[in-house]
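Contents: one structure, followed by commentary.
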Amino acid sequence: MDKLISIVVPCYNEEQAIPIFYAEVVKSLRSIPNTDYEIIFVSDGSRDNSAKEIKKIASEDKHVKYVIFSRNFGKEAAIFAGLKESRGDYTAVMDVDLQDPPYLLKQMYDILEEGYYDCVAARRVTRKGEPPIRSFFARCYYKLISKISETEIVDGCRDFRLMKRQMVDSILSVTEFNRFAKGIFSWVGFETKWLEYENVERVAGTSKWSFWKLFLYSINSIIAFSTAPLAIASVVGVVLFALSIIMIIFIFVRTLVFGDPTSGWPSLVCIILLLSGIQLLCMGIMGGYLARAYMETKKRPLYIVKETNIELKK
């Protein structure tokens, strides 16, 4: 019996890339012998004609499924929705802009068929085509999170990977509201084989990830998979407390010896601003964790489906 490969494709305002991606991925999937496939497009509240393009392709190809959200819920929710509706023995997550090369699918499938690995993931070793400042901060981010998180986040890793059904089911069992797919993929464990490739530029359209969005995404991922910021805030508090005690003793001794401790309002203002800034920073760190705990307690759905051609799983 042929094995089924599911391809999960999150989309947000990608009407130009969708037909190009479809043609390329189908070509790659048909080159894999003794398999069938399904392609699940998840339109994450797109405001262009992405949904129309997806439904047009689905009307012509029974292998194409779609889930259209009622609004933009984010890529993480789209990935979760696609994985949830997938039926494949093997399931892949791919970006529609073709920065995840479809030709790697056959190699991924062959590796999984050998039996040892549960997942084959793509890792880009170059960032050709990216702005230098963005590449610099990306490298810094991966170095930072790899040191402060117990979960391994590989530098250059992509969401693009082909997974066995058991691993997909394990990922779906992680139902937290604040999601970070790369971290969850690593956290659930299983044997992963990394395939390295050089960066590929978008086939059409423009990136929806601004520097600010990437910054917020990185903060969310750090909070989701590390408590180090809380520990750092505590350490800073202890260090400043010890420093203040030392300064008090120094001023007291100086007063006894010289009779007049030299003082001035500029230095006092600077100290107050410094300490106030550190206090606000620590409060912000604690607030970030508290806000995410608050969102978890609300038990809101990760997404709301507006339209689909799939009989949704409960």
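In this simple spin-label model, placing a label point 7 Å from the Cα along the Cα-to-Cβ direction at both Val154 and Asp61 gives a separation of 2.7 nm.
Between Ile20 and Lys52, what length in nm is gained on full extension when 0.36 nm per residue of separation is reduced by their alpha carbon distance?
My answer for the length gained is 10.0 nm.
Evaluating 6.51 cos²θ - 1.76 cosθ + 1.60 at θ = phi - 60° for every residue in segment 12-23, the Karplus couplings come out as 9, 6, 10, 4, 6, 7, 4, x, 5, 4, 4, 4 Hz, glycine and proline recorded as x. Working from label points 7 Å from Cα in the Cα-to-Cβ sense, the Leu4 to Glu196 distance is 3.7 nm. The peptide list 171-181, 73-83, put in order of mean Cβ contacts within 10 Å with the highest first, becomes 73-83, 171-181. Skipping prolines and chain starts, which residues have an amide H placed within reach, meaning under 5 Å, of the one on Glu38, given they are 5 or more residues away or on another chain? Counting only residues 5 or more places away or on other chains, the set is Ile5, Ser6, Ile7. Its residue count N fixes a reference of 2.2 N^0.38 Å for segment 33-72, and the Cα radius of gyration divided by that reference is 1.29. Strictly over 27 Å apart at the Cα level, which of Lys75/Lys306; Lys75/Lys299; Lys52/Lys298; Lys62/Lys299 would you flag in this model? Violating the 27 Å limit, Cα to Cα: Lys52/Lys298; Lys62/Lys299. Using the Karplus relation 6.51 cos²θ - 1.76 cosθ + 1.60 with θ = phi - 60°, the per-residue 3J(HN,Hα) values for segment 106-116 come to 5, 5, 4, 4, 4, 5, 5, 5, 5, x, 7 Hz, with x marking Gly and Pro.
Readers should treat all values here as calculations from the given coordinates under stated rules, not as data from a laboratory. Predicted model only: the values in this text are computed from it and were never measured. Glycine also receives a Cβ, built like all others from the backbone with ideal geometry; neighbour counts cover every protein chain displayed.
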